[in-house]
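Novice: I'd like to ask some things about the structure below.
The values are calculated or read from the model by the stated rules, or taken from the named source; none is laboratory data. Quick caveat: nothing in here was measured; it's all calculated off a predicted structure. Ideal geometry is used to build each Cβ from the backbone, glycine not excepted, and the neighbour counts take in all protein chains shown. For accessibility, only protein heavy atoms count, side chains too; no ligands or nucleic acids. Shrake-Rupley method; radii C 1.70, N 1.55, O 1.52, S 1.80 Å.
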Amino acid sequence: YHTIADFQFVNQDSAIVTNKTFDNKIYIADFFFTSCRTICPIMKTQMLRVHDSIQNDPDILILSHTIDPEYDTVALLHDFADRLGVTSNKWHFVTGNQDDIFRIAQTSYFATALADNTEPDGYIHSGAFLLIDKEGRIRGKYDGTKEDDVNRLLKDIRRLKKEYPANQTTVF
């Protein structure tokens, strides 16, 4: 099975986030940038729905990668998370080297993320929410701008949870 490649980024609390952060966790990944005026505000509204539904489940996390690390500093991501009312123990907003972020988006998550000066905000990116299982495999791809798709994601999270009984650790 295809698995997410090794990565290392920095989250909104200046903590290093790697694949190990998600060991024995299900997570939902996406790509965004804070100054985006097109699909990102819709995506964040929908991801907040996901966050609210998983908030009390220690086995599920969220990983949002900025595709504009020059603008989206750690401090800005921290403020962004505060405004959303979320914390890094549940939702990691990460930054790092832009080429590394683009590469992992395209080669590991099979998501679109690239600079494009012809776009209004300077970037092209998909609104995909990606459901990743405890083995680091993509188990679903959803349009994060569509409520119906996010409803399907929420159902699939519950279905995936059933594959991993509570407190079961996964052996790699």
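Novice: If I take R0 = 35 Å and measure r between the Cβ atoms of Gln106 and Arg152 in this structure, what FRET efficiency does the formula 1/(1 + (r/R0)^6) give, to the nearest 0.05?
Specialist: The value I calculate is 0.90.
Novice: Under a 1.4 Å probe, what is the accessible area of region 17-172 per residue, stated in Å²?
Specialist: Result: 48 Å² per residue.
Novice: Simple spin-label model, 7 Å along Cα-to-Cβ: Asn97 to Ser14 in nm?
Specialist: So the label points at Asn97 and Ser14 sit 2.2 nm apart.
Novice: Let me spell out the model: positive unit charges on the Cβ of Lys and Arg, negative unit charges on the Cβ of Asp and Glu, origin at the Cα centre of the chain. What dipole size does that give, in debye rounded to 20?
Specialist: 760 debye
Novice: Let me ask something additional. Could you check how much of the accessible area of the chain is carbon and sulfur, as a whole percent, using a 1.4 Å probe?
Specialist: Roughly 49 percent, rounded to a whole number.
Novice: Please list the non-local residues whose amide H lies under 5 Å from the amide H of Arg139, H modeled 1.01 Å from N, same-chain partners needing a gap of 5 or more.
Specialist: Long-range HN contacts for Arg139: Leu131, Ile132, Asp133.
Novice: Using only the C-alpha atoms of region 1-146, find the volume of their convex hull and express it per residue in Å³.
Specialist: Convex hull volume per residue, Cα atoms: 97 Å³.
Novice: Please list the radius of gyration and Dmax for region 30-86, considering alpha-carbon atoms only, with Å as the unit.
Specialist: Looking at region 30-86, its Cα Rg and Dmax stand at 11.6, 33 Å.
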